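The values are calculated or read from the model by the stated rules, or taken from the named source; none is laboratory data. These figures come from a predicted structure and were not determined experimentally. Virtual Cβ from ideal backbone geometry, glycine too; neighbours counted across all protein chains shown. Accessible surface is based on the protein model in full, side chains and every heavy atom, while ligands, DNA and RNA are left aside. Shrake-Rupley method; radii C 1.70, N 1.55, O 1.52, S 1.80 Å.
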Amino acid sequence: MPQNHSQNKKFSTRIISEKFKKQDVHGAISMPIYRNAAFEFPDSESIAAAFQYKEEVASHTYTRITNPSVENLECKIKAASGAENVMALASGMAAISNTFLTIAYTGSNIVTSPHLFGNTFSLFNFTLAAFGVEVRFVNTDNIEEVASAIDENTCAFFCELITNPHLEIANLPEISKILKMRNVPMIVDATVIPWCGFDARKAGVDIEVVSTTKYISGGATTIGGAIVDYGTFNWAHNKRLSTVIKKDGMSQFSFKLKREIARNMGAAMDPETAYLQALGMESLQLRFEKMSTSAYDLAKFLSEQNKVVKVGYPKLESSPYKKISDSLFSGNPGAMLTFCLENKEACYKFMDRLQIIRRATNLFDNKTLIIHPESTIYGTFPPEMKGLIGIEDNLMRLSVGLEDVADLQADIIQALEDKN
Ligand SMILES: *Cc1c(COP(=O)(O)O)cnc(C)c1O
């Protein structure tokens with residue numbers, strides 16, 4: 001039966017009380033893991049009806065296309081975001097690549113910041129470039145620069161909600177005004193702030209892409225991604241989607257994505273991943289609020305340490321993005337912060353002395369993680385590209401977890417001490 005996506009229920013209640021599309025035969029209270037490839041049908045008529053989308057509640061036919069456990073996670077993300085359509089995929093990169101494979105065409109361009117997640121940068125700069133898709137890097141702080149990069153073949157404006165590790169925040173409502181006039185969709189990678197802290201629709205975002213590996217997975221359990229379509233963009237303005245029809249409650253974008261692109265690319269989410277991530281969704285708000293409160297505490301704490309030369313966190317008075325951060329986000333701006341020591345050597349020594357904080361990539365695990373981006377994430381980038389991206393070699397990125405903040409402070413203090 002159609003769900004009641006009541007928006008007057010509060011965030012966590014909406015996620016936890018979301019009902020299955022079809023009643024479980026055993027009354028299981030959590031959606032079971034449907035770990036099977038195919039689904040059988042009682043007769044030829046019903047399998048034909050399923051393939052032709054003729055039933056009221058869509059039946060599943062094959063797990064690369066849809067699966068009940070994956071659909072359950074999609075329903076929870078829909079309940080959380082209030083979006084029109086959600087598609088869960090195998091990774092955040094699958095969400096991003098499938099989005100652009102749906103809207104880009106030879107001769108089209110993407111207007112974006114060069115400050116991107118490493119693989120997104122590589123996707124735009126190398127992978128899509130081979131198919132004649134141009135990437136136009138702009139400074140998203142400069143609205144005129146964004147406006148003048150757009151032309152009739154711009155398939156999207158894209159940015160990350162808070163760039164990593166630069167921690168810049170584009171003025172999405174201002175940029176959205178220009179995009180609306182020019183009929184360009186706004187696509188935002190919102191991995192860093194989940195829906196309880198950021199109202200994407202209000203900010204003018206048409207489509208969100210999310211790495212559910214981060215907050216959603218509930219402690220870095222699994223790799224996953226989601227495409228969240230608010231249904232707000234008129235795709236008649238996209239040369240490739242203008243002939244696609246809006247159908248079955250889907251925008252032209254979601255229709256093409258779900259019925260063609262995603263199933264051809266085959267990066268389906270694994271049902272076991274969906275089970276763990278649906279569980280992660282239920283505690284998302286609780287974890288996000290705790291982690292981001294600790295991150296703000298640690299940002300202030302680090303600012304007071306003599307050996308720390310710079311701290312980056314959008315809510316600090318020292319951040320040029322404080323104003324836009326306060327206006328876009330309802331709570332603290334997430335659990336990612338950066339800080340600089342005197343030089344790279346000092347960073348290495350500091351990291352090697354840590355006892356609670358782990359040296360690992362990834363973000364928004366339950367564990368606090370630290371990384372030196374210049375030598376790791378960007379370690380194999382040629383110098384000219386490092387220059388374009390602008391990575392300082394005395395900067396470390398911290399993703400704050402669920403440990404007690406006093407223990408994290410103690411670990412930082414002992415690691416800052418000069419012991420040799
Ligand atoms: C991790 C991350 C991705 C990629 O997600 P995967 O799940 O690792 O594929 C994309 N964007 C941002 C901002 C990320 O942090």
| field | Check on residue 339, under 23 Å from residue 290 (Cβ atoms) and in contact with a strand residue (DSSP E or B) (Cβ under 9 Å, 6 or more places away or on another chain) | value | yes
| request: Give just the number: which of (1) at negative phi; (2) outside any helix (DSSP H, G or I); (3) away from the ligand (no atom under 13 Å from the Cβ) does residue 76 not satisfy? | output: (2)
| field | Qualifying residue in segment 9-22 (condition: of a type in the set (A, V, I, L, M, F, W, C), part of a loop (DSSP other than H, G, I, E, B), modelled with pLDDT under 95 and surrounded by 14 or more Cβ atoms within 10 Å (Cβ to Cβ)) | value | yes
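Output the residue which, of all residues in segment 214-234 that are more than 15 Å from the ligand (Cβ to nearest atom) and of a type in the set (Phe, Trp, Tyr), is least open to solvent (accessible area, probe 1.4 Å).
Filtering segment 214-234 for residues that are more than 15 Å from the ligand (Cβ to nearest atom) and of a type in the set (Phe, Trp, Tyr), the one least open to solvent (accessible area, probe 1.4 Å) comes out as 230.
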| Is it the case that residue 369 is within 29 Å of residue 194 (Cβ to Cβ), at pLDDT 95 or above and touching a Ser or Thr at 6+ places or on another chain (Cβ under 6 Å)? | yes
| remark: Quick count over segment 36-82, residues being touching an Asp or Glu at 6+ places or on another chain (Cβ under 6 Å) and open to solvent by less than 20 Å² (accessible area, probe 1.4 Å), is 3
| task | Considering each of 335, 262 in turn, give the residue that is closer than 30 Å to residue 241 by Cα, within 16 Å of the ligand (Cβ to nearest atom), open to solvent by less than 70 Å² (accessible area, probe 1.4 Å) and in contact with a helix residue (DSSP H, G or I) (Cβ under 7 Å, 6 or more places away or on another chain). | result | 262
| Residues within segment 238-291 that are of a type in the set (S, T, N, Q), farther than 29 Å from residue 336 by Cβ and in contact (Cβ under 8 Å) with a residue 24 or more places away in the chain, tallied | 3
| field | Condition check for residue 208: charged (D, E, K, R), open to solvent by less than 10 Å² (accessible area, probe 1.4 Å) and touching a helix residue (DSSP H, G or I) at 6+ places or on another chain (Cβ under 6 Å) | value | yes
| remark: In segment 106-119, anything at negative phi and either touching a strand residue (DSSP E or B) at 6+ places or on another chain (Cβ under 7 Å) or more than 8 Å from the ligand (Cβ to nearest atom) (or both) is listed as 106, 108, 109, 110, 111, 112, 113, 114, 115, 116, 117, 118
| note | residue 100 meets each of (1) away from the ligand (no atom under 16 Å from the Cβ); (2) of a type in the set (Phe, Trp, Tyr); (3) not in a loop (DSSP other than H, G, I, E, B) with one exception, condition (1)
| Quick one: how many residues across segment 123-139 are within 15 Å of the ligand (Cβ to nearest atom) and either buried (at least 20 other Cβ atoms within 10 Å of the Cβ) or charged (D, E, K, R) (or both)? | 2
| task | Hey, could you check segment 383-405 for residues that are part of a loop (DSSP other than H, G, I, E, B), open to solvent by 50 Å² or more (accessible area, probe 1.4 Å) and modelled with pLDDT under 95 and say which is nearest to the ligand (Cβ to nearest atom)? | result | 392
| query | Which condition does residue 117 not pass, out of (1) under 20 Å from residue 214 (Cβ atoms); (2) at pLDDT 95 or above; (3) out of contact with any His (no Cβ under 7 Å at 6 or more places or on another chain), if it passes all the others? | reply | (2)
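Here's the yes/no breakdown for (1) within 16 Å of the ligand (Cβ to nearest atom); (2) loosely packed, with under 15 Cβ neighbours inside 10 Å; (3) on the phi < 0 side of the Ramachandran plot; (4) outside any loop (DSSP other than H, G, I, E, B):
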position: 145; (1), (2), (3), (4): no, yes, yes, yes
position: 148; (1), (2), (3), (4): no, yes, yes, yes
position: 152; (1), (2), (3), (4): no, yes, yes, no
position: 155; (1), (2), (3), (4): no, no, yes, yes
position: 163; (1), (2), (3), (4): yes, no, yes, no
position: 167; (1), (2), (3), (4): yes, no, no, no
position: 170; (1), (2), (3), (4): yes, no, yes, no
position: 181; (1), (2), (3), (4): no, yes, yes, yes
position: 184; (1), (2), (3), (4): no, no, yes, no
| task | Considering each residue of segment 188-203, count those that are open to solvent by less than 10 Å² (accessible area, probe 1.4 Å) and either within 12 Å of the ligand (Cβ to nearest atom) or among the small types (Gly, Ala, Ser) (or both), and give that number. | result | 6
| If we scan segment 204-213, do we find a residue that is within 15 Å of the ligand (Cβ to nearest atom) and part of a helix (DSSP H, G or I)? | no
| said: Let me spell it out: the conditions are (1) touching a strand residue (DSSP E or B) at 6+ places or on another chain (Cβ under 6 Å); (2) open to solvent by 10 Å² or more (accessible area, probe 1.4 Å); (3) of a type outside the set (Ser, Thr, Tyr), and residue 103 meets all of them except one. Which number is the exception? | reply: (2)
| said: Against the condition open to solvent by less than 30 Å² (accessible area, probe 1.4 Å) and β-branched (Val, Ile, Thr), how does residue 243 come out, does it pass? | reply: no
| note | Pairing a residue in segment 299-314 that is closer than 15 Å to residue 336 by Cβ with any residue that is part of a helix (DSSP H, G or I) and of a type in the set (Asp, Glu), where Cβ atoms lie under 9 Å and the two sit 6 or more apart in sequence or on different chains, gives 314/326
